[in-house]
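Below you'll find the structure, written out as structure tokens, and then a few comments.
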């Protein structure tokens, strides 16, 4: 007989039911008890940042399978910090290498792109109040969510449509 599905697998498949799986989720979280370990491929200089990020995420939402996506979040967060420091030092406009004219700082462009990636990754781990509310709604008991499930489904579709439109929008014209 195969092992039962983890609660993370139920959440991913959309088959999570709080009345059936919430206890298993608490047991899984209690069994893990230890903070999630970073993948060996994560550079050692990023491990303190890893520990800070893991500490800020509810342990019940993390599983060993999340390590790769979480390491991507840590790498992007580190890049955001480095880009922000460069933009702070150099300003958002710098002299161009060829003509000496003022151009947009390449680190500012990188910062904007990395912030977008960071926001997209942070949604997966409930790192904002809105995202935590969405994750909590996913774990609502079936009886509490059954009446609102159609409305919630429509809301999720609207959120995805807006984020897809934003992703498809043309980039702002460069300087």
Residue by residue through the stretch 11-21, note down the ones that are assigned to a helix (DSSP H, G or I) and within 19 Å of the chain's Cα centre (by Cα). 11, 12, 13
Quick check, is residue 42 within 12 Å of the chain's Cα centre (by Cα) and either farther than 23 Å from residue 10 by Cα or assigned to a helix (DSSP H, G or I) (or both)? no
Restricting the stretch 43-68 to residues that are in contact with a helix residue (DSSP H, G or I) (Cβ under 6 Å, 6 or more places away or on another chain) and under 17 Å from residue 118 (Cα atoms), the one modelled with the highest pLDDT turns out to be 46
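The values are calculated or read from the model by the stated rules, or taken from the named source; none is laboratory data. Predicted model, so just to flag it, every value in this text is computed and none were measured. Note that we place each Cβ from the backbone using ideal geometry, even for glycine, and neighbour counts take in every protein chain shown.
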